[in-house]
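The values are calculated or read from the model by the stated rules, or taken from the named source; none is laboratory data. All values derive from a computational prediction rather than experimental measurement. Heads up, the Cβs are rebuilt from the backbone with ideal geometry, glycines too, and the neighbour counts pull from every protein chain shown. Ligands, DNA and RNA are stripped out before the accessible areas are found, and what is left, the full protein with its side chains, is counted by its heavy atoms. Shrake-Rupley method; radii C 1.70, N 1.55, O 1.52, S 1.80 Å.
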Amino acid sequence: MFFRRMTISLAVPDVLVARAKAGDLEALEALYRAFETPVYNLALRVLRRPEDAEDVLQETFLEVVRSIKQYRGEGHLWGWIRQIAASKALMRIRREQVRQTEELYEESVAGVGGGAGVALGVDLERAFERLSETARAVVWLHDVEGYTHEEIAEQMGKTVSFSKSQLARAHTRLRWMLDEGVAR
Amino acid sequence: MMHCTMEDLLALQGGEASVWAREHVAACATCGAELEALYQRVAQLKALPTRRPGRDRWPAVRDAVLTARRRRRERWGVWSVAAAAAVAALLVFRPFWTTSVDAADLARVKAQSATLEQQLRRYDPDGQVTSGRSAALCAALEDGIAVIDGELAQLDPNQVQARSAELVQLWQQRVDLMQQLVSARVTRAAYVGL
């Protein structure tokens, strides 16, 4: 499909934003088309399950439609939408409270890898997916999206120390999984 | 020999490491390699392929938007009619009102009107969340004020003295409507005494 082959551009004309603010459905759809992939990608990296990421995509744009009048053009529109998407994804983590289950899963991965010796191949993507949702969220927001620890802490309702320790712990685990070949 | 922890390496990457960590990583090959591996990992994370949604969720978003708009229109319809009827009644029955007619009264209501104008100017309706109901009321009140303004503008300057009673009455009605508009906008009350 042509759209899927296009290079993702996050630049949006002001006139399009103005039309969207006025409630123009075509303009709102154009915004959706412009940002659906980065929003989905962020949500998927954090939540891992495609259905959850699609739900976050939908919730994010419902919020965008409801609140677009409050966007005052300060900063890039993507920054504003990304804030909403990250918030929705983090809310989903809190709501579903799957962290405990995931941490158990993480422990079991660590146990298996301990005596298995060095396996071949390096797969950062799979190693990343094996982190807990909270750790994935912190790593993705900090390392990829460029959030500061202060911003992550605020979004998660946690402390800056929590964000820093989650990031350090996640990187230690990533390093270990990649060295041991657990992610293969 | 003590090496850098992951916290130290991340602090180095973020440009907020301690003096010790900076000096150590410059001298220690092991920690230098760990820091390089960290940079590589972050670069690889950024380079992970972009995933795209398998299903188009826009139809669901659009349907939700259209449903919300339809409901809002239905609510607005009811309240707009009520508000418009109330304003119309105010305008129709105004001849039966009696007011004292003199220059002092005229000055008083004009001053009240100016004060209310200032209050409204200070208030930024675009920056506020307004319910459909209060937006409809405000629109009806503004329409009523516009009608009165039109009548005031059409008064023949030569007849102003002779029609001073009518003039005061019009200004008084304008003040009444503006007070209700201020009340509706500032308090966002659903019922403003119409």
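Buried accessible surface for the B/A pair, both sides summed and rounded to the nearest 100, is 3400 Å² with a 1.4 Å probe.
Burial here means at least 20 square angstrom less accessible surface with every protein chain in place than with the chain by itself, probed at 1.4 Å; in the range A:15-31 the buried residues are A:Gly23, A:Leu25, A:Glu29.
Counting only other chain Cβ atoms within 10 Å of each residue's Cβ, the peptide A:82-92 averages 0. When the other protein chains are added to the chain by itself, burial of at least 30 square angstrom of heavy-atom accessible area (probe 1.4 Å, ligands and nucleic acids ignored) affects these residues of the range B:51-76: B:Arg51, B:Arg52, B:Pro53, B:Arg55, B:Asp56, B:Arg57, B:Trp58, B:Val61, B:Val65, B:Arg69.
With N set to the residue count of the range A:19-65, report its C-alpha Rg divided by 2.2 N^0.38 Å to two decimal places.
1.19
I'd like the trypsin sites (Lys or Arg not before Pro) in the range A:48-85 restricted to DSSP loop residues with at most 15 other Cβ atoms within 10 Å, sorted by number. Sparse-neighbourhood loop trypsin sites (Lys or Arg not before Pro): A:Arg72. Oblate is the label for the range B:23-82. Its Cα gyration tensor axes, ordered a ≥ b ≥ c, give a/c of at least 1.5 and b/c at or above a/b. Phi angles across the range A:26-34 convert, under the Karplus curve 6.51 cos²θ - 1.76 cosθ + 1.60 with θ = phi - 60°, into 3J(HN,Hα) values of 5, 5, 5, 5, 4, 5, 4, 5, 6 Hz, Gly and Pro given as x.
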